[in-house]
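The structure appears right after this line, and notes come after that.
The values are calculated or read from the model by the stated rules, or taken from the named source; none is laboratory data. In this text, all values refer to a predicted model and were calculated from it rather than measured experimentally. Here the Cβ is made from the backbone with ideal geometry for all residues, glycine too, and neighbour counts use every protein chain on show.
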Amino acid sequence: MVENVRKDLQIFFNIAVQAVHGKHLWSAHTILANWTPPVLQAGGRLRLIAVGKAAAALVEGFLTRHSAALTDGILILPEGKNLIYQKIQVVYGGHPLPDIHSFQAAQTLLEFIGHPQETDFYLIFLSGGASALLALPILGVSIEDKSALTRQLLHSGANINQINTVRKHLSGLKGGQLARRLKPSRWQTFAISDVQGDIPEVIGSGLTVADSSTFLEALQCLQELNLLEQVPPTIRNHLTLGVQGDIPETPKGIELGDPSKYFTVVASADDALAAVVLAAQAAGYVVQSLGRTLYGPICVHATQLAATIKFLLQARRPDDAPLLLLAAGEPTVQVTGNGLGGRNQELALHLAQRIAGFVGVTVLVAGTDGIDGPTHAAGAYVDGQSWARAQAAGVDPADGLAHNDSHRVLDASSDLFITGATGTNVADLVMAVVH
């Protein structure tokens, strides 16, 4: 029964991914399906900038419909498949941490932009991962300093809003500064969202929209996370100069205008969840969706999810149809150990501890991008025997939790979920079957 449930969960995961895949969206999303290239003045160019984990799929969908109208383009994505397009330059940046390749990608982007003309139109595809893939540190801050800062923020348990508030004030592109460089041309952004609330200025660190955050808020974020004295001095000094008014702020609304006129979110976790609901109901499941609620500490969510699963188990009758519990989001984890894992595997292992001994429960926790942290897994399955299987394999799962070493534990218990890069990214899914 467990193997059959795992197969169903894999099918549901695949359906979720396809629902938010960039290539599919050009026929499935009303705005993209009806989009037509703008009418350009003489000498005008239609230029494409695509950045992020889902960027290549959006490009492929675009090219199937509008390649003839395109003048040229640049695609920036993580290392992976060797892609070649006739009119589009492909560049690879560092991910999940910015590195020298991210810096080179940013430099190549600036060379591509060159001197924008009023007659030009830039079509921009944006998705999760863009922040790390493009790194243009401000003068005085090295790419090594910025990479160290990103690592500290990720390990601190910071949420994406805090991370982006800091990053935008140390960048020559983020927080609307790419849009500033595109003037006086026009632009339009289509984005696949992996952030809470689908806020344009948060997706990909808001490359093309006004930034409402300030240098003071960036400095306060570091203070709240107890990182102010730990970050490289160059970063602390730069933010302090910004607070004092010695460095100009990021572009605000008065400069870039209303993003609703040029920024459209074409897919999010809501779309992935909706697709799973329909598929599961058609397969005979009763579905209970918690929606996009997985924001905040992983331990808190693991406890809440386990309590809900226990309640659903106790309420079941022998002839009830199987039930699928759904949730999505991007929980935070504070890294204190030196183990290997990612937030999905971390959440899965916390759940394994809390549902140990339960009969009739199978859970899949996975990132829709197919990549969980610096590992080859998308996440993991867990059930009531996962904790015991790890112990039987000679691995202490409690030690794994203590040292953020979930990957090793879940590998030992044969619970890793491996898909490879999916070509999209709308954060993480939790799918629990009570059967």
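Selection of the range 9-29 for residues being buried (at least 22 other Cβ atoms within 10 Å of the Cβ), over 17 Å from Ile418 (Cβ atoms) and out of contact with any Gly (no Cβ under 7 Å at 6 or more places or on another chain) yields Ala19, Val20.
Determine if the range 256-278 includes at least one residue that is in contact with a Leu (Cβ under 6 Å, 6 or more places away or on another chain), surrounded by 16 or more Cβ atoms within 10 Å (Cβ to Cβ), more than 24 Å from Leu207 (Cα to Cα) and small (Gly, Ala, Ser). Among the residues of the range 256-278, not one is in contact with a Leu (Cβ under 6 Å, 6 or more places away or on another chain), surrounded by 16 or more Cβ atoms within 10 Å (Cβ to Cβ), more than 24 Å from Leu207 (Cα to Cα) and small (Gly, Ala, Ser), which makes the answer no. The helices (runs of 4 or more DSSP H) falling completely within the range 248-367 that include 2 or more residues that are modelled with pLDDT of 95 or more and outside the structural domain of Ile49 (by TED's automatic domain parsing) map to 269-282, 298-315, 343-354.
Taken over the range 380-402, the criterion of being buried (at least 18 other Cβ atoms within 10 Å of the Cβ) and in contact (Cβ under 8 Å) with a residue 60 or more places away in the chain is satisfied by Tyr381, Asp383, Gly400.
Being under 24 Å from Leu273 (Cβ atoms) and of a type in the set (Lys, Arg), is that true of even one residue in the range 317-339? No, because not a single residue in the range 317-339 is under 24 Å from Leu273 (Cβ atoms) and of a type in the set (Lys, Arg). Take Gln41 and tell me if it is in a helix (DSSP H, G or I), surrounded by fewer than 17 Cβ atoms within 10 Å (Cβ to Cβ) and either touching an Asp or Glu at 6+ places or on another chain (Cβ under 7 Å) or not small (Gly, Ala, Ser) (or both). The answer is no for Gln41. Hey, any hits in the range 6-28 for a residue that's within 21 Å of Val363 (Cβ to Cβ), among the charged types (D, E, K, R), without any contact (Cβ under 8 Å) to a residue 24 or more places away in the chain and not in a loop (DSSP other than H, G, I, E, B)? For the range 6-28, residues within 21 Å of Val363 (Cβ to Cβ), among the charged types (D, E, K, R), without any contact (Cβ under 8 Å) to a residue 24 or more places away in the chain and not in a loop (DSSP other than H, G, I, E, B): present. Each residue in the range 107-131 was checked for being assigned to a helix (DSSP H, G or I) and either surrounded by 24 or more Cβ atoms within 10 Å (Cβ to Cβ) or aromatic (Phe, Trp, Tyr) (or both), and 3 pass.
Within the range 403-435, being in a loop (DSSP other than H, G, I, E, B), surrounded by fewer than 22 Cβ atoms within 10 Å (Cβ to Cβ) and touching a helix residue (DSSP H, G or I) at 6+ places or on another chain (Cβ under 8 Å) holds for Ser414, Thr419, His435.
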